[in-house]
Amino acid sequence: MMEVYMPSFRYEESDLERGYTVFRIEVLVNGRRHFVEKRYSEFHALHKKLKKNIKTPEMPSKHVRNWIPKVLEQRRQGLESYLQTIIYENEELPRIFLDFLNIRHLPSLPKAESCCSIEEIESEETSKLSHQPVLLFLRDPYVLPKANDLTANVVIEGVLHGIFYPHLQTS
């Protein structure tokens with residue numbers, strides 16, 4: 001699942017060109033959050049590429065006076081709505097769009113509306129989880145203790161018992 005918000009914008013001064021506005025985009029993908037900052041010109045370039053491949057919503061007007069806060073707030077709302085509409089209306093999002101939002105990998109989960117139940121989504125998500133090893137033994141735990149080792153390693157025995165024989169009760 002992916003959500004996109006545009007909480008703020010700021011004015012950026014530049015020595016090389018006229019000042020410009022930068023829009024801050026908040027991206028939530030499967031519980032992870034990151035931020036991306038883009039200028040209107042980058043949105044415009046994205047729009048030109050996207051409309052060749054998918055049906056796109058209307059873009060906010062290109063020609064506005066950047067220094068009027070009320071107009072900039074309307075543009076921010078329009079750009080936020082633009083991104084949200086693309087996500088909402090497209091089952092598969094183009095790579096260009098994902099790159100724009102700095103999303104490297106988007107798991108292909110079905111949209112909630114197309115599923116029968118929450119349980120199906122949860123079972124699909126858990127089946128795709130990868131896990132890392134949790135235990136690390138400095139010596140092979142399957143090898144019998146040395147003959148001169150009078151004390152059994154209770155920790156290793158307990159861990160192995162818990163992992164491989166959780167259904168058995170200890171006496």
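Before moving on, here are some points about what is shown:
- Accessible area of the stretch 1-57 belonging to carbon and sulfur atoms, whole % at 1.4 Å probe: 46 percent
- 103, 68, 163, ranked by accessible area, largest first (probe 1.4 Å): 163, 68, 103
- The count of lysine pairs in the stretch 1-93 with alpha-carbon distances below 22 Å, taking only pairs 8 or more places apart or on different chains, stands at 12.
- Where 71, 36 fall by accessible area, highest first, once all protein chains stay in place (1.4 Å): 71, 36
The values are calculated or read from the model by the stated rules, or taken from the named source; none is laboratory data. Since the model is a prediction, treat every value here as computed from it, not as a measurement. Please note that ligands, DNA and RNA were not included when accessible areas were found on the heavy atoms of the full protein model with its side chains. Shrake-Rupley method; radii C 1.70, N 1.55, O 1.52, S 1.80 Å.
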